[in-house]
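Report on one structure; see the data block that follows.
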Amino acid sequence: MAAEFELQQDLIHLNHAAVAPWPRCAREAVEAFAKENTTQGSLHYPEWVKTETELRQFLAQLIKAKEADDIALLKNTSEALSVVAHGLEWQSGDNIVISDQEFPSNRIVWESLQNRGVEVRQVNLASASSPEDALMQACDARTRLLAISSVQYASGLRVDLTVLGRFCRDQSILFCIDAIQSIGALEMDVEAVHADFLMADGHKWMLGPEGLALFYSHKAARERLNLHQFGWHMVEHHEDFDRKDWQIANSARRFECGSPNMLGIHALHASVKLLLATGITKVQQAILANSETLFALIKDSPNLECITDMTPGRYGGIVVFRHKNIPSAHLYRYLMQRRVLCALRGGGVRFSPHFYTPLEHLQQAIKLADDCPPP
Ligand SMILES: Cc1ncc(COP(=O)(O)O)c(C=O)c1O
C-alpha cells in the first residue's frame with residue numbers, strides 16, 4: 001500500500017481535510033486517459049461510460065446507498081448543496097437548522113434563502129448537553145430541513161448522525177449531510193442514518209481530484225427538488241438524440257445537465273477503488289488510531305493542548321491543537337516552513353492524516369510543534 005503514495009520523503013502530509021495527494025493509481029489512470037485521448041480520441045467512449053457507471057457503483061457502495069441510481073456526479077459539495085437549497089419550495093416563515101461551526105458552503109447556501117422569508121438557525125453546538133440535543137431543541141413545527149457536517153472542518157467534532165436522522169424522520173424534517181470531511185475516511189450508511197441528501201467532493205478523504213463530487217439523494221426526497229439546469233444528459237432517454245419528447249430522468253442523473261467530467265471520473269474511480277479494496281472499515285480504524293495517537297502525543301507534550309473533542313465517537317480524522325504560549329498562526333507557519341503540510345483552522349493548527357500516514361510522521365510533526373520557538 002505504501003507504494004501507492006509517492007509523496008516526497010521530506011514532506012509530512014497532514015492535510016487530507018483540505019486537499020489530499022493522489023495515490024499512484026489515480027495518476028496512472030489520468031496518464032492513461034490522457035494518452036488515450038491524444039492517440040485514439042474518443043474511439044472507446046463506451047469504455048469511458050463503463051468507468052463512469054462503475055464509479056457510481058463504487059460511491060453507492062462507499063455510503064451503502066441502495067442503488068447507484070441514487071448517486072449524481074456534480075462539480076462540488078457547494079453545487080450539491082445549492083441543488084437542494086434552491087430545488088425545494090419554501091414558504092415564508094420556514095426555518096432551517098444548521099450549526100454555528102459549518103464551513104461557509106453549508107451556511108451561505110441556506111442564508112441565500114433569507115430573502116424568501118426563510119430563517120436560518122445557527123445552533124451553538126456547545127450550548128446543550130450534547131450537539132445532537134442542541135440541534136434537535138432548535139427545531140420546531142416550521143423547521144423544514146436540518147443541515148449538518150458529519151465532521152466539522154475546524155474543530156473536528158463528529159455528530160451522531162443516526163440520532164439526528166431518526167429525529168428528522170420522526171418530525172418530517174429533511175436531513176442534509178455535508179459529508180466531505182468523512183466520506184473516504186469513516187464508514188457511512190445513508191439508509192441507517194436516514195439521510196435525505198448527502199454530498200462530498202472527492203479531493204479530501206476520497207483522495208481524488210478537485211471538482212468532482214458525490215451527491216446522494218433518497219428517491220422520495222429527490223422528487224421534491226425542482227430543477228434549474230436542463231440539457232441532454234438529465235432526461236430519461238438521454239442517448240436518443242432524435243427523440244423530441246423528454247422527461248426528467250428517474251435517477252439522480254437528473255441533476256447532471258450535460259457531458260460528464262470524464263477526466264475527473266477516471267481519477268476518482270481509481271482512488272475510490274483503492275479505498276474499497278483496502279476496506280473502509282480498515283481505513284476508518286487506521287484513521288481513528290492516528291487521531292488517538294495525536295491525542296496521546298499532544299497530552300504528553302508540556303506545551304501543546306488539544307482543541308478537538310477527544311471523547312470516543314466525537315472525532316474523526318481531524319485533530320486541532322494549539323501551543324500554550326505561541327500564537328497558532330506562528331506555529332502554523334513554522335510547521336509549513338519545515339514541510340509539515342497542515343492548516344490553520346478553528347483557533348489552532350489542524351492535522352488530518354489519512355490511513356496510510358506513517359506513525360513517525362505524526363511523532364515528528366508533534367515534536368516540531370512542541371519545540372517551536374516563540375516568534
Ligand atoms: C465541511 C466542508 N464543506 C464544504 C467544503 C467545500 O467543498 P466544495 O469545494 O466541494 O464545495 C469544505 C471544504 O473545505 C468543507 O470542509
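Miscellaneous remarks
- Inter-residue pairs, beta-carbon under 6 Å, first within 16 Å of residue 276 (Cα to Cα) and in region 40-60, second in a helix (DSSP H, G or I) and charged (D, E, K, R), 6+ apart: none
- Test: residue in region 188-195 that is within 16 Å of the ligand (Cβ to nearest atom) and either farther than 19 Å from residue 309 by Cα or open to solvent by less than 10 Å² (accessible area, probe 1.4 Å) (or both): yes
- Residue check for residue 101: buried (at least 19 other Cβ atoms within 10 Å of the Cβ), in contact (Cβ under 8 Å) with a residue 12 or more places away in the chain and in a loop (DSSP other than H, G, I, E, B): yes
- Some residue of region 308-329 being without any contact (Cβ under 8 Å) to a residue 60 or more places away in the chain, touching a strand residue (DSSP E or B) at 6+ places or on another chain (Cβ under 9 Å), open to solvent by 30 Å² or more (accessible area, probe 1.4 Å) and farther than 30 Å from residue 130 by Cβ: yes
- Listed by first and then second residue, the pairs linking a residue in region 281-303 that is under 18 Å from residue 367 (Cβ atoms) to a residue that is polar (S, T, N, Q) and part of a helix (DSSP H, G or I), with Cβ atoms under 7 Å apart and 6 or more places separating them unless they lie on different chains, are 297/363.
- Restricting attention to region 104-119 and to residues that are among the aliphatic types (A, V, I, L, M) and touching a residue at least 24 places away in the same chain (Cβ under 8 Å), the residue that is farthest from the ligand (Cβ to nearest atom) turns out to be 118.
- Region 38-72: number of residues that are open to solvent by less than 20 Å² (accessible area, probe 1.4 Å) and either outside any helix (DSSP H, G or I) or of a type in the set (Lys, Arg) (or both): 3
- Filter result for residue 126 (away from the ligand (no atom under 13 Å from the Cβ), of a type outside the set (Asp, Glu), at pLDDT below 95 and part of a loop (DSSP other than H, G, I, E, B)): yes
The values are calculated or read from the model by the stated rules, or taken from the named source; none is laboratory data. Here the structure is a predicted model, which means the values were calculated and not measured. Ideal geometry is used to build each Cβ from the backbone, glycine not excepted, and the neighbour counts take in all protein chains shown. These area figures cover heavy atoms from the full protein model, side chains too; ligands, DNA and RNA do not enter into them. Shrake-Rupley method; radii C 1.70, N 1.55, O 1.52, S 1.80 Å.
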